[in-house]
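Read-outs: derived from the displayed coordinates by stated rules, not from any lab. Please read all numbers here as calculations on a predicted model, not as lab measurements. Every residue, glycine among them, receives a Cβ derived from its backbone with ideal geometry; neighbour counts consider all protein chains shown.
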């Protein structure tokens, strides 16, 4: 039975991906704050929630990581329908596909029907990452550069926070200046749109590339949930079936959370 908390903003569906719990740059505290204040009938975890690859190299599990895991388990216990599609960083969960663990169903991919009747295909997306499939060494180097940038950014963020400056991501800045990164994102989006078309779906919801997006191309709607390292974004479905990308604006939240307990999310343009 679903236990509804009237004090929380409630959506029909939420999609979250690429939290990378265990990675030093993961903004787990932001997600924990969001989960404390919001609920959904169904919650999809679209991969890389836990960064098993980083944890194998160095253990960096913080109290905020515990807060996120506890919030998810509490929601599942309260009756939220929860489905996890493992990604490449939490691929160890793929050994449990088809099983339910602590109320969370593990699936390789999934199809979601919106309130207005549209079929949306869900997957993490690493299996369509051409760089991983075709050039693993290049992908490894790229991941290494990304992790170095996010590591540096933890120090930059600490300094900017002391100066009351908004969050700024070095990794996101470098990606925005790279033509190869733009080409890669475009190729990834095209591959995912083709997958939706092959499955006769109205759209596809994915993560993996840490690039939040929502657009329609050739009759197919592409949604990317983004991440909780550079963007703090997720996808939400309202009761009428409409979907929107949301971002958790940490600075505005910190400024207004004590004055207004119902402070809303900021909608991405």
* **59, 228, 248 arranged by Cβ crowding within 10 Å, fewest neighbours leading** => 59, 248, 228
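If we count other beta carbons within 10 Å of each Cβ, what is the order of 68, 19, fewest first? Display every interim value, and only then the final one.
Numbers: 68 25, 19 28.
By the 10 Å Cβ count, ascending, the order reads 68, 19.
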* To do: For a label point 7 Å from the Cα of residue 113 along Cα→C-beta, name the residues of segment 232-248 whose backbone N is under 15 Å from it.
  => 241
* Please give the length that would be gained between residue 101 and residue 194 if that part of the chain were fully extended, namely 0.36 nm times their separation in residues minus their C-alpha to C-alpha distance (nm, one decimal). => 30.3 nm
* **Extension reserve of the residue 4-residue 247 stretch, reckoned as 0.36 nm per residue once the Cα distance is removed** => 85.1 nm
* With a point put 7 Å past each Cα toward its Cβ, work out how far residue 73 is from residue 213 in nm, to one decimal. => 3.7
* Find how much the distance from residue 57 to residue 42 grows on full extension, using 0.36 nm per residue of separation minus their present alpha carbon separation; answer in nm with one decimal. => 2.1 nm
* Asked: Can you sort 42, 221 so the residue with the fewest Cβ neighbours within 10 Å comes first?
  -> 42, 221
